[in-house]
Amino acid sequence: MSITRISVYFLTLAICVPTDLNISAINERPLLVPFATFLVLLVWIVLQRGRLVAVHGALGLIWRALILFIAVTVLSALIHPNAAASMAVLGAYVDRFVMLFVLVQIMALDYQLIVRVQHLLASILAVVALLMISNIFGVFGGLQQFTKVAGRLVNRDVSGLGDPNFTALIFNIGLAMALAWFATAESRWRRVMATVVALLLMAGVAKTVSIGGLVGLVVVLVLGFWRIARFASHRRWGVTLLTVGLLAAIVAMAGSFYSLRIQQQIAASEQSVGNFGSSRLNLSIGGLRMIAANPLLGVGLSNVAEYMPQYLLFPIYNPQQGAHDCFISVMAESGIPSFLLLGFVGIMLFKLVVRTQRHLKKTGNRYWYLIGEGTWIALLATLVQALALETQREPTVWLTVALALSLATKVQYDQTLSSRLDLLSS
């Protein structure tokens, strides 16, 4: 195993590992992920001599738009107060961009890493889900997270991973990878492993009692069965088991969700501050009002929660929160231009992934088509959950984007190489 692969595996582990060192306002792993990113960058420079894979077309536009987005966020961070916190968030953006760039450069040339990182990501998250479900972290580490409601403690244990909604998002991403793993596995024990991983991740999502997590789970499994599992129709036992797991997860989540929301509504009525749903809507409206007042450069990175009470329509239990919406949050913290740039990146990314999948399907490359489907479904689930989460700095999301861009870059590189060989032979 090469040092380059080991460094990439270490970065994947750093992204997935549970830790209670998160900065709760921005959901970061403050030290481990940047250190792992720097390590991969150093290995790439020293061992591969910074070898670049030539890109053009949509890939080139995506990279240029990302650089402009970072430039706009730098400007927003520099002109607003709360400089230390803004620089911490800006550092997170820079770290994610470097991570994305280096991983794409490495995996586009060593494309088996795309598959192995998918499998490793799903496996680590399944282990985390198992530990979370069994409360091992709660027993030995005291890391259980509770929501205090009406003087009670409602268990939404996510074992140090941070917000339960983000934990559900991460597990759904891993689940999409596990479904692709199941469909492409050649041996029985690998199919069994992929099935166990998928079931653990479904149970983990149910444990978080997250509305967005439930919606994301349905998106992943519906699209997974439609676009991935049908290629594994001869493995009916596995598909049946996954279906039973889906139904069990939905039932378990529905029961926990009903109990939790009833208690939250009781707490809201006791304090006369509006219920859960109206609070989320209030935060979104507050974010939109913040954007209207600061359209060009926003209120500054990490300042949205601080300024939110000024823009709310009515008081809520905890007014110093973000907008609970990725799109509103980006516009509120760094302005409409940054959102347009990030939106352009998202549109071009989805168009590129669709084009890549069509090419792989047309050429009959079923294995890589299914691998790409896992990443594609993970991105769709992330997009859906981004309507209720501030996902723009979540490292697992950026790792998923890196997997998608790496596969697209590999396909483009192969096409270019094939065209050159055809030209030489003629």
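Here, each number is a calculation from the coordinates, and none is a lab measurement. None of the values given here were measured: they were computed from a predicted structure. Here Cβ is always computed from backbone atoms with ideal geometry, including for glycine, and neighbour counts include all displayed protein chains.
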Extreme residue, nearest to Phe69 (Cα to Cα), among residues of region 94-113 that are surrounded by fewer than 24 Cβ atoms within 10 Å (Cβ to Cβ) and within 16 Å of the chain's Cα centre (by Cα): Phe97
Criterion violated by Thr382 - all others in (1) more than 28 Å from Leu201 (Cα to Cα); (2) within 18 Å of the chain's Cα centre (by Cα); (3) among the polar types (S, T, N, Q) satisfied: (1)
Residues being buried (at least 21 other Cβ atoms within 10 Å of the Cβ) and assigned to a helix (DSSP H, G or I) - total across region 183-213: 17
Residue check for Ala404: small (Gly, Ala, Ser) and under 16 Å from Val115 (Cα atoms): yes
